[in-house]
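Okay, structure first, notes after.
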Amino acid sequence: MSSGKRSAGLLLFRTTGTGTGGERDVEVLIGHMGGPFWAGREEAAWSVPKGEYGPDEEPAAAARREFEEELGVPVPDGVWLPLGESRQRSGKTVTVWAVEAELEVASVVPGTFTMEWPRGSGVQQEFPEMDRFAWCTPEQAAELLIVGQRVFVKRLRAQVRGEAAASPEA
C-alpha cells in the first residue's frame, strides 16, 4: 500500500428502468460538500460519502464509519459491491463500494467539523461535512461529482447493466 492519503466511501444506489433504451439504470445518493469553500458551487462540488483512514483501519470499516458520520444514519443492509479505487487530483486514493438501498434524504443529519473562518480571524465556526444530499441520475452525477469520483458511477452503472466494463479496474 502506498504511503499517500487514503479514503473509503459508500455509494448508495437504487435501480430504475429509465435507461435510454429502457434497460435497468441507477440513481445514486451523493452529498454536497459543506463549509465555506464549497458554498455557492455546484459543479464538481459533490462527493460520495467518504473519509480518510489510517493504516490500522480496514477500508470497509472506514467506509461504514464515514457514511454514519456524514449522514447521521446507519448504513442500510445490503450487499457491498466493490467499485475499486481511483486516484484523485490531490494524490489521495479513494476506495468505494456501492449498496442498493432506499434512503429518505429528509432523515439525514449530517456530521459537522470546526474550522477557523474567516481565515486568520481566530474565530472557530462549525459547518456540516455535507450540507445537502440528492438522488441523481448518472448524467447528473457526472456534472456534480468531483472529477476523480465520477468513475465510480460509471463502474456501478456497468455492473447493474451487466456490461463488460463492470470490473473495478475499468
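The values are calculated or read from the model by the stated rules, or taken from the named source; none is laboratory data. On a predicted model such as this, the values are computed, not experimentally measured, just so you know. Here the Cβ is made from the backbone with ideal geometry for all residues, glycine too, and neighbour counts use every protein chain on show. These area figures cover heavy atoms from the full protein model, side chains too; ligands, DNA and RNA do not enter into them. Shrake-Rupley method; radii C 1.70, N 1.55, O 1.52, S 1.80 Å.
Only beta bridges with both residues in region 20-164 are counted; by DSSP, about 95 percent of them are antiparallel. The label point for Thr112 and the one for Lys5, both projected 7 Å from the Cα toward the Cβ, are 2.3 nm apart. Placing +1 on the Cβ of every Lys and Arg and -1 on the Cβ of every Asp and Glu, with nothing else charged, gives region 35-128 a dipole about its Cα centre of roughly 480 debye.
A cut-off under 13 angstrom between Cβ atoms defines the neighbours of Arg14, and their net charge, with Lys, Arg +1 and Asp, Glu -1, is -3.
Assign one of three labels to region 43-165, namely rounded, prolate or oblate, based on the Cα gyration tensor with a ≥ b ≥ c the square roots of its eigenvalues; rounded applies when a/c is under 1.5, prolate when it is not and a/b is larger than b/c, and oblate otherwise. Cα axes put region 43-165 in the prolate bin. Amide H contacts for Leu11 (H built 1.01 Å from N in the peptide plane; partners 5 or more residues away or on another chain; cut-off under 5 Å): Trp97, Ala98, Val99. Surface composition of the chain: carbon and sulfur atoms hold 52% of the protein heavy-atom accessible area at a 1.4 Å probe.
Overall, the anisotropy analysis places region 1-82 in the oblate class: the square-rooted eigenvalues a ≥ b ≥ c of its C-alpha gyration tensor yield a/c not less than 1.5, with a/b not exceeding b/c. Phi-derived couplings, Karplus 6.51 cos²θ - 1.76 cosθ + 1.60 at θ = phi - 60°, listed residue by residue for region 91-100: x, 6, 9, 10, 10, 10, 10, 10, 9, 7 Hz, with x used for Gly and Pro.
Couplings 3J(HN,Hα) for region 58-70, derived from phi with the Karplus relation 6.51 cos²θ - 1.76 cosθ + 1.60 (θ = phi - 60°), are 6, x, 5, 5, 5, 4, 5, 4, 5, 4, 5, 5, 7 Hz, where x marks Gly and Pro.
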